[in-house]
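Here is the structure we will look at, set down as structure tokens.
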Amino acid sequence: MKRARVAFQIVTAICLSIAAQAGIAQSFPTKPIRIVVPFAPGGANDIIARVVSQRMAEPLGQQVIVDNRGGAGGALGAEQVVRAPADGYTLLLANPGPNAINPVLQPKTPYDPIRDFSMITLMAVSPQVLVIHPSLPVRSAKELVALAKARPGQINYGSSGIGAITHLAMEFFKTRTGTDMVHIPYQGANLALTGLIGGQTSTMFAALGSITSMLGTKKIIAIGVAATARTPLLPGVATIAESGIKDFEVVNWFGIVGPANMPRSVIDRLNQAIVRVVQAPDTRERFSALGFESRGTTPEDFERHTKSELARWSGVIKAQGIKPE
């Protein structure tokens, strides 16, 4: 009798939990949702968040507000979301900085990028592109490797700052090719590109969307795309893998996460709405014009992606002895 009573209580608890989850799913959302962008307005993260938030209102039936909370390389905004109620009304625009690089580069980052978040979906990616100043006598990634090996420590490269994806992409390139090039960090991607155009640096990795308008001017030249396939925006530019550096992929990515322990029904509701938005033809077209490729994954796939990015950048940071500023 005692065992039967315990079994009945367990079954009852499970049924009540399922009913509660169903109730939450049916009622959510009942008020506006906030997406925290952990960077200043105007950048790629802000643009992605605003494109998606405007389109999310229709499937969710509620306004979606973008809230820029920049600082500490994205950590301030991320921490704010970690501390928010796990009810689905406060979300984070996740990207490599706060969600895969800072936790490795900055040991005192006040959150765990996996344990402290509920993964929702990976929305878009943008491949990094290897670009050079026209005066550099190479026209492919393979030729750059040969020149760097012939002139160790004599070629310099720019980045948007220590620990930025533009920095780590080149350090990854160096580890994969056994080359030695000198890092010149700038305070932002625009300044780094200005330095490249002016000839202060010879090469760098840059976001696809930030350089497409410059390529026609011949002020910089694209010699390799860090993606698994050529991008339609640069069909004549080979992937770095085509130059013999196999499995070389570096993308800036943009996803949505929430605080840890969100109800699965709320995660699924948000996932369905966001995937519907980012895979819609008009969103795909808008993203493509900005240099982004639409995705829309399951929460589980997004978690696997984040873990693989953590492992990649942890390996590069440790191998190259990179220290925070």
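Quick check on residue 149: is it in a helix (DSSP H, G or I) and within 16 Å of residue 240 (Cα to Cα)? No; evaluated as a whole, the condition is false for this residue. Of the numbered criteria (1) under 17 Å from the mean Cα position of the chain (by Cα); (2) over 18 Å from residue 253 (Cβ atoms); (3) of a type in the set (A, V, I, L, M, F, W, C), the one residue 208 fails is (2). The one condition from (1) in the same structural domain as residue 277 (by TED's automatic domain parsing); (2) touching a helix residue (DSSP H, G or I) at 6+ places or on another chain (Cβ under 8 Å); (3) of a type outside the set (Lys, Arg) that residue 206 does not meet is (1). Of all the criteria given as (1) crowded, with 18+ Cβ neighbours inside 10 Å; (2) assigned to a loop (DSSP other than H, G, I, E, B); (3) under 19 Å from the mean Cα position of the chain (by Cα), the one not satisfied by residue 123 is (2). For the residues 230, 276, the requirement of being assigned by TED's automatic domain parsing to the domain that holds residue 163 and of a type in the set (Lys, Arg) singles out 230.
Does residue 129 count as farther than 22 Å from residue 270 by Cα, modelled with pLDDT of 95 or more and either part of a strand (DSSP E or B) or acidic (Asp, Glu) (or both)? So residue 129 fits the description; yes. Contact map, the stretch 284-299: first residue touching a residue at least 60 places away in the same chain (Cβ under 8 Å), second residue surrounded by fewer than 19 Cβ atoms within 10 Å (Cβ to Cβ) and basic (Lys, Arg), Cβ cut-off under 6 Å, separation 6 or more or different chains; pairs are 294/284.
Applying a threshold of 9 Å to beta carbon distances and a minimum spacing of six or more residues, or different chains, the list of pairs starting in the stretch 197-220 at a residue that is of a type in the set (Lys, Arg) and ending at one that is crowded, with 20+ Cβ neighbours inside 10 Å reads 219/196. A residue that is modelled with pLDDT of 95 or more, under 16 Å from the mean Cα position of the chain (by Cα) and aliphatic (A, V, I, L, M) cannot be found anywhere in the stretch 53-65. No other residue among 205, 173 is in a helix (DSSP H, G or I) and either touching a His at 6+ places or on another chain (Cβ under 9 Å) or at pLDDT 95 or above (or both) apart from 173. Among the residues in the stretch 100-110, are any assigned to a helix (DSSP H, G or I) and under 18 Å from residue 261 (Cα atoms)? Checking the stretch 100-110: not a single residue is assigned to a helix (DSSP H, G or I) and under 18 Å from residue 261 (Cα atoms).
The values are calculated or read from the model by the stated rules, or taken from the named source; none is laboratory data. Just so you know, these numbers come straight off a predicted model, no measurement behind them. Heads up, the Cβs are rebuilt from the backbone with ideal geometry, glycines too, and the neighbour counts pull from every protein chain shown.
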